[in-house]
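Values in this text are rule-based calculations from the coordinates and carry no lab data. Note that this is a predicted model, so its numbers are computed, not measured. Here the Cβ positions follow ideal geometry from the backbone for every residue, glycine too, while neighbour counts run over all protein chains shown.
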C-alpha cells in the first residue's frame, strides 16, 4: 500500500533507519574527534569568541579557558576589554607608551602561554632598554581575522586603548583572499553577518562541529582546485599568473590598512606594517610538495610572490614596513625592527598625515 506521499511504508521505514544510522555515526565520529580536542571547532575553543554587531566576531571579554590539543595545552585569558591579556586596559598613565598589534592567529598565538607570545616578548625587550617611559604592547590579534576585520576591530575597539604605535601584522599567505571575500563589508562600513541571519546560523553550526569543520575544509580545498588550480584558495596569491581575486584582495587590504593608518594618525599614533610569510616560504620540503601539486594542475608557484605583491600594494600607504622571513614561530624581531622605524623622528610626512 502506498502512503499519500507516494512512498510505501517499507521505503519510509528504511529511510528513517538510514537517517538514524547516519545520525549515530555522525555523533560517534564527533565524540571521538572531541576526545582528542585538536580542532578549533571544540566547544571550549569557541567559547573564546562572541558576536559583536560593530566588529563581527571578537574575543569574548572575560573569557578564560584551558585549550588542549594533541600537541599542546595552553591557558588563555581574555581581559575585560576583549584582548588576550591578564591585566585590564584602563586610561593610559603618565610615562606609559602603548603599541597595539593587529592581526590574526599569528598575533593571538593560542599555541603558547601569554608570556611566550611575541607581543609579550616585544614588551620585555622594549622595557629592558630602560629610559623614562614604560612600554605596554597590547595583543589585538583575533583568530580568523583579515584586513577588513582588523579595521573594524581597531576602529570600534582598539582605538580606545590610546596607542602611540599601531603595528599591522599582515599574513601574506591568506590576507588577500580574505580581504576580497570581505569587500562588501568594507564598502558597507560594517559587518554583514547580521543582515544574513540564516547564513550566520549556518556558520555558527559549522563552527560548533568538528565533523562539519572537516567537511568545510575539504570543500574549501575542492573549491580552490576548481577556481584557482591550487589545493587551497589562498595559494593563488603565490601563482606566477594569479586570478583577478588576488589583485582585488590586495586593493581591499590597502584600503583597510589605509583606514587604520588614518584613524591612528588622528589619535596621534604612528602605523607600521609587518609582512608575515606562510610556512612553506621558509620550508623547502613543504614548498616542493605544494609546487608539485600546483604544477600538476597547470600552474606555477612562485615562492615569495605573495610577499612581493603585498609590499608593492601597501607601499602607497607610506607606513614603515618590515618583512619577516621566519614563518609562524615569533614575529618579535621583525616587530622590533618595525617599531624602530615607526618611532624614528625622521618619519616621513606621509605617515604622520596618513
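A compact table of results
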| item | result |
| --- | --- |
| Residue-span extension gain [residue 296 to residue 190] - 0.36 nm each, minus C-alpha spacing | 34.1 nm |
| Contour excess over end-to-end distance, with Cα ends at residue 19 and residue 46 and 0.36 nm allotted per residue | 6.9 nm |
| Paramagnetic label zone (point 7 Å from Cα along Cα-to-C-beta, residue 283; backbone N under 16 Å) in segment 235-257 | 235 |
| Pairwise centroid distance, computed over Cα atoms, of segment 231-266 with segment 69-109, Å | 25 Å |
| Highest average packing first - 300-309, 282-291, 166-175, 268-277, Cβ atoms within 10 Å | 166-175, 268-277, 300-309, 282-291 |
